[in-house]
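What follows is a single structure, written as structure tokens, with notes after it.
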Amino acid sequence: MDRYSPSVQNLIAKLGSLPGIGRKSAQKLAFSILSMSEEEVNSITGAIADARRLTKRCGICQNFTDSDPCPICSDARRDRSVICVVESPRDVSAFERMHEYNGLYHVLHGVYNPVGNMNMNDITLSELFARLAEHSEVKEVIVATNQSAEGNATALYISRLISPSGIKVTRLASGLPMGSDIEYADDLTLANALKGRKQVGS
């Protein structure tokens, strides 16, 4: 006899398929949802449906947004000579949280990872290069991919393609430990890594 009913098993399985959610966490979430009122459940499902329906990628930086262009790209006060290239929208939130960076962003939505079937064509590199070709005011590209083998390989690839254009390509300083994710870095570490960034290949 199955431990849970088919509908509960299905709910646990769907929740468990989300990144960072293990079996026990999925079970806990599932039973929390089952304990909610119908109004609370409808509110959550409505929020998920609205976010999925209304959220799009900014046509400039590729970050998730409800409006195109996004509020950051639309802000005339931002420094348009610098673009910070990050892996995910969560990394943009990390940089904005510390209030130390005033340039623009470009979100790759991944990094080169042949083991995970993610090649250079699967991330938004073509959009980045097209953007740089259209905006001569860009003087520096900060490659802020995570300090991982995949992040470093992606950073080196970007540097090799951009450097001949004369645009300065920098990498966050090594204040971020190898294997660390930017979204989990504390504000001070991230700020120091940003201020101590070094030119790639120097």
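I'm trying to understand the selection: among the residues of the stretch 84-130, which are free of Cβ contacts under 8 Å to residues at least 60 places away in the same chain and of a type in the set (S, T, N, Q)?
Asn102, Asn113, Asn117, Asn119, Asn121, Ser126
Can you pull out the residues in the stretch 91-121 that are touching a Lys or Arg at 6+ places or on another chain (Cβ under 7 Å) and surrounded by fewer than 17 Cβ atoms within 10 Å (Cβ to Cβ)?
Asn102
All but one of (1) closer than 27 Å to Val107 by Cα; (2) charged (D, E, K, R); (3) touching a Gly at 6+ places or on another chain (Cβ under 7 Å) hold for Arg23; state the number of the condition that does not hold.
Going through the list (1) closer than 27 Å to Val107 by Cα; (2) charged (D, E, K, R); (3) touching a Gly at 6+ places or on another chain (Cβ under 7 Å), Arg23 breaks only (1).
Please go through the stretch 101-138 and give me each residue that is within 21 Å of Ala76 (Cα to Cα), part of a loop (DSSP other than H, G, I, E, B) and under 18 Å from the mean Cα position of the chain (by Cα), ordered by number.
Hits for the stretch 101-138 are Tyr101, Asn102.
Checking Ile158 against (1) surrounded by fewer than 18 Cβ atoms within 10 Å (Cβ to Cβ); (2) more than 16 Å from the chain's Cα centre (by Cα), which test does it fail?
Condition not satisfied by Ile158: (1).
Name the one entry in Val107, Val141, Val111 that is closer than 14 Å to Ile60 by Cα and β-branched (Val, Ile, Thr). Full working, then the answer.
Numbers: Val141 fails: closer than 14 Å to Ile60 by Cα; Val111 fails: closer than 14 Å to Ile60 by Cα.
The match here is Val107.
Determine which member of the set Glu100, Glu96, Glu87 is of a type outside the set (S, T, N, Q) and under 17 Å from Asp122 (Cα atoms).
Answer to the check: Glu87.
Take the residues in the stretch 144-155 that are touching a strand residue (DSSP E or B) at 6+ places or on another chain (Cβ under 7 Å) and free of Cβ contacts under 8 Å to residues at least 60 places away in the same chain; name whichever of them is most open to solvent (accessible area, probe 1.4 Å).
Glu150
Look through the stretch 16-61, keep the residues that are part of a helix (DSSP H, G or I) and among the basic types (Lys, Arg), and return whichever of them is farthest from Val143 (Cα to Cα).
The residue in question is Lys28.
Criterion first (at pLDDT below 95, crowded, with 18+ Cβ neighbours inside 10 Å and closer than 24 Å to Asp79 by Cα) does Val141 satisfy it?
no
The values are calculated or read from the model by the stated rules, or taken from the named source; none is laboratory data. Here the structure is a predicted model, which is why all the values come from computation and not from measurement. We place every Cβ from the backbone using ideal geometry, glycine too, and count neighbours over all the protein chains shown. Areas reflect the complete protein model, heavy atoms only, side chains present, ligands, DNA and RNA absent. Shrake-Rupley method; radii C 1.70, N 1.55, O 1.52, S 1.80 Å.
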